[in-house]
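The values are calculated or read from the model by the stated rules, or taken from the named source; none is laboratory data. Note that this is a predicted model, so its numbers are computed, not measured. Heads up, the Cβs are rebuilt from the backbone with ideal geometry, glycines too, and the neighbour counts pull from every protein chain shown. Surface accessibility is based on the protein's heavy atoms, side chains included, excluding ligands, DNA and RNA. Shrake-Rupley method; radii C 1.70, N 1.55, O 1.52, S 1.80 Å.
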Amino acid sequence: MTQQFSILEREDFQKLIDVLSADGYQVIGPTLGEGAVIYDELTSIEQMPIGWTDIQEGGKYRLERRDDDALFGFNTSPQSWKRFLHPPSVRLWQAHRTDEGFELQHEPIEAPRMAFLGVRSCDLHAIAIQDKVFMNGDYLDPTYKSRREKIFVVAVNCGQAGGTCFCSSMNTGPKAEGGFDLALTEIVESRQHYFVVEVGSEKGQEVLHQLPHRPAKDSEVKAADNLLKKVSKQMGRILDTEQMQDILYRNYENARWDSVAQRCLSCANCTMVCPTCFCTTIQDVTDLSGSHAERVRRWDSCFTMDFSYIHGGSIRYSQKSRYRQWMTHKLATWFDQFGTAGCVGCGRCITWCPVGIDLTEEMAAIRESEGAAPKPGRKPASAKP
Amino acid sequence: MPPKRKPKLAVWKFASCDGCQLSLLDCEDELLDVAGEIEIAYFPEATRAMVKGPYDLSLVEGSVTTPHDAQRIQKIRKESDYLVTIGACATAGGIQALRNYKDVREFISFVYATPEYIETLPKSTPISDHVFVDFELRGCPINKYQLVEVISAFLHGRKPNTPPHSVCVECKQRGTVCVMVAQGTPCMGPVTHAGCGAICPAFNRGCYGCFGPMESPDTKSLSDWWKRLGASDDDILRAFRSFNAYAEIFRRESEAHE
Ligand code: SF4
Ligand code: SF4
């Protein structure tokens, strides 16, 4: 069967938001805020970052005007969709003291019906990874599951790669291959501005039916293909994954860990922005009278001391041990645990590290310390803010 | 079972601006609870009643700057089961610890008409330099929710939830975009103890470091990056030498930029 593509014209794009809203979805998509393209609730195309792009480097992000009116002419956002599926803070239960003891009050799980507008391929892979963590196996996460099951996904294939992107290295993009209801490729030409639409599910088909659309011409499908081919060669970063696991397992002791520890702030930004990092901590709180208690779960990070605290102290007390743990988990032990890398190459941890620490650079340095010649094409990643 | 005795709370003031004590008064709703659960035995800022010690919990605001205060804190420690310091003054010497970098006698001669009447110590020091402190609550001023949390924790014999990680974690949790990365604004957040809820970055400012050093601060790496953002040694010195100027790690970093 040949794949069936459709065309949605730029001037009809508002209708996509309208149809999703009318279907009862809270539409969440890109908008400008705090000097960046962030994800927030949308009702109108006017709220979108029309004609804006982002310049990303290690520890640096800047908005810039484009010379066209692209709706999705930017790359990854400061934070991923993680905060909508795996919220930063969730109350798990409350308890009240009674004459006989105490009474447990379960927390109702509120899951809004959300439509994600503009999910990039790397982030789709990240969602698939979190699905494994939260919905596979014996222990389901009800908060994640209830939210996850209700989402409608409009993927957007990247029309350009960012300065810290390396999805080509991780086989996670730039083209969305699955896990969406609809996928769009935005084509902006001098006299045309349209979206090549691919349907990924029945739900997606139903939404498309309610939109003005027409079958795509071969030339239009070709334009989208060519664009994506070009993008996959534009990556700002490269990660050589060959024997990556073995190399890391052989190098628990390597001077490079000491060097990165000199720079790493243990601030935890990398883990907070990472779309696959999932760790949380539990806080038990009582009120003054002691008659009310509650348990709250919130995002945690392997960069905090409390994270590895056991009786007597923190196991990973040095910066070196914490960075090594994080990177080795992302690029090696994650395979053993979940069958894939824990990194999808979105580049957020590089951009949003306040001091521009770059795991592709760290990995390359460890590889080179074993005597491998630097790969041609690897950009020297020393960034200037 | 005999009726439970209400724990006795005392609030003490040393060299400080009173802002932290005001945080307690500012807990209007919670204060009724506090008053119901504990006997406020000594709190001159709020009540004239002064009940004699011993006290179950003493909250201490302010730093030690006079010989008289240095003695007074010893007596308070003896009378208190638990002693908790509140705020940057009590925990790190406060903004008045700027005097520690200069000759205090010079200041006195400038400021006071009759310097002979002034009896002061050469340095402003945190309470923990003088007596054992059970817990230090950070902030300039402290966060009132954290204060209620600490009192609750001590009343119920549990550990207070006052995470010592960076302010960055709070920014990310509230969804604030990093001002340093997105705007090149020098920010103290990565080396600063959480607790304020990341107020300044949420208002488009860099963090000022009011809560002092976080659990594992790398001030040198941050300073190096600030320089790349265009900050001068003077800027860096001033950033580290503010409300927590005398906190060991901030002190050393500021001295490195003298
Ligand atoms: S490790 Fe970094 S590049 Fe990889 S998925 Fe996480 S944030 Fe993106
Ligand atoms: S790698 Fe960067 S973002 Fe991550 S903890 Fe270290 S300094 Fe912070």
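Averaging the Cα positions of each part gives two centres, and for segment A:352-373 and segment B:145-197 these lie 30 Å apart. Build a GNM of chain A with springs between Cα atoms under 10 Å apart, and of A:D18, A:D284, A:D138 the one that fluctuates most is A:D138. Using a simple spin-label model with pseudo-atoms 7 Å out from Cα toward Cβ, B:R252 and A:T98 lie 5.5 nm apart. Here the protein assembly as shown is assigned +1 on the Cβ of each Lys and Arg and -1 on the Cβ of each Asp and Glu. Its dipole about the Cα centre then comes out at about 1180 debye. Look at the alpha carbon pairs under 8 Å that are at least 6 residues apart: their mean separation over the length of segment B:8-155 gives a relative contact order of 29 percent. With protein chains left intact and a 1.4 Å probe, residues in the protein assembly as shown average 45 Å² of accessible area per residue.
Within the shell of other residues whose beta carbon sits under 11 angstrom from the beta carbon of B:T65, the net charge comes to 0, with Lys and Arg scored +1 and Asp and Glu -1. Look at the alpha carbon pairs under 8 Å that are at least 6 residues apart: their mean separation over the length of chain B gives a relative contact order of 17 percent. Among the listed pairs A:K222/B:K172; A:K230/B:K227; A:K145/A:K217; A:K145/B:K172; A:K82/B:K159; B:K6/B:K123, a Cα-Cα separation exceeding 32 Å is found for A:K222/B:K172; A:K230/B:K227; A:K145/A:K217; B:K6/B:K123. Here segment B:66-111 exposes an accessible surface that is 57 percent carbon and sulfur, computed with a 1.4 Å probe and the other protein chains kept in place.
Out of B:A46, B:A247, A:V27, whose Cα points farthest toward the positive end of the dipole of the protein assembly as shown (charges: +1 Lys, Arg; -1 Asp, Glu; placed on Cβ)? So the residue furthest toward the plus end is B:A247.
Restricting to DSSP loop positions (anything but H, G, I, E, B) with no more than 15 other Cβ atoms inside 10 Å of their own Cβ, which chymotrypsin sites (Phe, Trp or Tyr not before Pro) remain in segment A:228-312?
Passing sites in segment A:228-312 are A:Y252.
Calculate the length of the line joining the C-alpha centroid of segment A:6-27 to that of segment A:102-132, in whole Å. What the calculation gives is 22 Å, centre to centre.
The accessible surface of segment A:13-123, taken with every protein chain in place and a 1.4 Å probe, is 48 percent carbon and sulfur. Taking amide hydrogens as placed 1.01 Å from N in the peptide plane, the amide H of A:I238 sits under 5 Å from those of A:K379, each at least 5 positions away in sequence or on another chain. Restriction of the chymotrypsin sites (Phe, Trp or Tyr not before Pro) in segment A:130-217 to DSSP coil positions whose beta-carbon has at most 11 other beta-carbons within 10 angstrom yields A:Y139. Here, the protein assembly as shown yields an orientationally averaged convex hull projection of 34.8 nm² when only Cα atoms define the hull. In loop segments of segment A:142-201 as defined by DSSP, the trypsin sites (Lys or Arg not before Pro) with at most 10 further C-beta atoms inside 10 Å of their C-beta are A:R191. Here chain B is scanned for chymotrypsin sites (Phe, Trp or Tyr not before Pro) in DSSP loops (not H, G, I, E, B) that have at most 16 other Cβ atoms within 10 Å, and the longest stretch holding none of them is B:1-111.
Accessible area lost on pairing B with A, both sides, 1.4 Å probe, Å² to nearest 100?
3500 Å²
Counting only protein chain heavy atoms and rolling a 1.4 Å probe, the accessible areas of B:I199, B:I236 rank, largest first, as B:I199, B:I236. From the residues A:Q79, A:S308, A:V156, which one has its Cα farthest along the dipole of chain A in the positive direction, the dipole being from +1 and -1 charges on Cβ of Lys/Arg and Asp/Glu about the Cα centre? Highest projection toward the positive end goes to A:S308.
Phi angles of segment A:112-117 translate, via the Karplus equation with coefficients 6.51, -1.76, 1.60 and θ = phi - 60°, into HN-Hα couplings of x, 7, 10, 10, 8, 9 Hz per residue; Gly and Pro are given as x.
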